[in-house]
Amino acid sequence: MFETATVQNLVSRLGRMAISAVLEVGRVAFFFFEGFARIFNLPLPVTKTLQQIYFIGMKSIFVICLTGSFTGMVLGLQGYYVLVKYGSTGALGSAVALSLVREMGPVMTAIMVIARAGSAMAAEIGIMRISEQIDALETMDINPIRFLVSPRIAAGLISFPLLTAFFDVVGILGGYLTGSLLLGLNSALYFSRVESSVVMADVTGGFIKSIVFAVVVITICCYQGYYTHIRAEFGAKGVSLSTTTAVVVSCVLILVTDYVLTSFLL
């Protein structure tokens, strides 16, 4: 009898967790679709979108280029010492370029943007929520999702592919720096293999990933900040928990989404 009651409690607890997870996914989906749809409401939020492009895109270029250069340098170094065992050092350009364009570029770009801009978005909107600024917007008949979320979604959809392109180019140059200038691989061979191995499908796949990652990152970070007030903790601690949750959940979903997209794009 005791074992039956224990099993029933376990099953009911798992059922509640599953229902809660499905409801949360539904809320996030509705949050994104409302924010995306309100991008096209007149008048278009051009000024605020440009401000967010500057914040998400322009102010992230330095960290993207720095991360991309060292990622490419590490790929070039590791790839060279793996390929030299098989006498295939000429394929270094292909290995570096395809690794960056297909996988490392979109994923690392998204993670860097989460660290620099995503956390700031969650904290900023969370502070606006606990300081009742969002309630003030509603009182003035200003839709807070259109005012706060829609420009960020539009800016993310524009900025993420461009930042990914920066990451890829700088990473390929970083691989050239270690492979050719430091380890002596022929420069013309390196770039010729890059040109011959990377096709448009690889570039398109990387950009598709970056657009999906933009949706994931902006939606999760804005959602966590927007609903800071429903947490058990309120005030500054609630904002810190929302920011932490936004960063962790976004990073995990980036990796999960990357696997799903890769399985379809290959």
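Residue count for segment 129-164 under the criterion of being without any contact (Cβ under 8 Å) to a residue 12 or more places away in the chain, of a type in the set (Gly, Ala, Ser) and not in a loop (DSSP other than H, G, I, E, B): the result is 1. Of everything in segment 137-174, what is over 25 Å from residue 215 (Cα atoms) and modelled with pLDDT of 90 or more? Give them in sequence order. Within segment 137-174, 172, 173, 174 meet the criteria. Among the residues of segment 222-266, those that are closer than 21 Å to residue 146 by Cα, in a helix (DSSP H, G or I) and of a type in the set (Phe, Trp, Tyr) comprise 223, 226. Of all residues in segment 19-69, exactly one satisfies the criterion of being under 23 Å from residue 115 (Cα atoms), small (Gly, Ala, Ser) and surrounded by fewer than 16 Cβ atoms within 10 Å (Cβ to Cβ), namely 29.
Check residue 102 against each of (1) buried (at least 18 other Cβ atoms within 10 Å of the Cβ); (2) more than 25 Å from residue 204 (Cβ to Cβ) and name the one condition it does not meet. Unmet for residue 102, out of (1) buried (at least 18 other Cβ atoms within 10 Å of the Cβ); (2) more than 25 Å from residue 204 (Cβ to Cβ): (2).
Only a single item in (1) in a helix (DSSP H, G or I); (2) within 30 Å of residue 30 (Cα to Cα); (3) in contact (Cβ under 8 Å) with a residue 12 or more places away in the chain; (4) not aliphatic (A, V, I, L, M) is not met by residue 192, and it is number (2).
When segment 105-128 is filtered for residues that are farther than 16 Å from residue 67 by Cα and buried (at least 23 other Cβ atoms within 10 Å of the Cβ), the ones remaining, listed by number, are 118, 121, 122, 125, 126. No other residue among 207, 234 is of a type outside the set (Val, Ile, Thr) and within 25 Å of residue 75 (Cα to Cα) apart from 207. Residues of segment 231-266 that are under 13 Å from residue 127 (Cα atoms), among the β-branched types (Val, Ile, Thr) and surrounded by fewer than 22 Cβ atoms within 10 Å (Cβ to Cβ): none at all.
Go through segment 14-71 and give me each residue that's farther than 18 Å from residue 142 by Cα and not in a helix (DSSP H, G or I). Once the filter is applied, which keeps residues that are farther than 18 Å from residue 142 by Cα and not in a helix (DSSP H, G or I), segment 14-71 yields only 57.
Of all residues in segment 173-220, exactly one satisfies the criterion of being of a type in the set (S, T, N, Q), closer than 30 Å to residue 152 by Cβ and surrounded by fewer than 17 Cβ atoms within 10 Å (Cβ to Cβ), namely 204. When 248, 252, 199, 217 are screened for being hydrophobic (A, V, I, L, M, F, W, C) and in contact with a helix residue (DSSP H, G or I) (Cβ under 7 Å, 6 or more places away or on another chain), only 217 passes. Is it the case that some residue within segment 62-75 is touching a helix residue (DSSP H, G or I) at 6+ places or on another chain (Cβ under 9 Å), over 21 Å from residue 255 (Cα atoms) and of a type in the set (Gly, Ala, Ser)? For segment 62-75, residues touching a helix residue (DSSP H, G or I) at 6+ places or on another chain (Cβ under 9 Å), over 21 Å from residue 255 (Cα atoms) and of a type in the set (Gly, Ala, Ser): present.
Within segment 195-214, how many residues turn out to be part of a helix (DSSP H, G or I), of a type outside the set (Phe, Trp, Tyr) and in contact with a Ser or Thr (Cβ under 9 Å, 6 or more places away or on another chain)? Summing the residues that are part of a helix (DSSP H, G or I), of a type outside the set (Phe, Trp, Tyr) and in contact with a Ser or Thr (Cβ under 9 Å, 6 or more places away or on another chain) in segment 195-214 gives 8. Within the set 69, 94, 88, 60, the sole residue that is closer than 30 Å to residue 171 by Cα and more than 27 Å from the chain's Cα centre (by Cα) turns out to be 88.
The values are calculated or read from the model by the stated rules, or taken from the named source; none is laboratory data. This is a predicted model, so every value here is computed, not measured. So basically every Cβ, Gly included, is an ideal-geometry build from the backbone, and we count neighbours across all protein chains shown.
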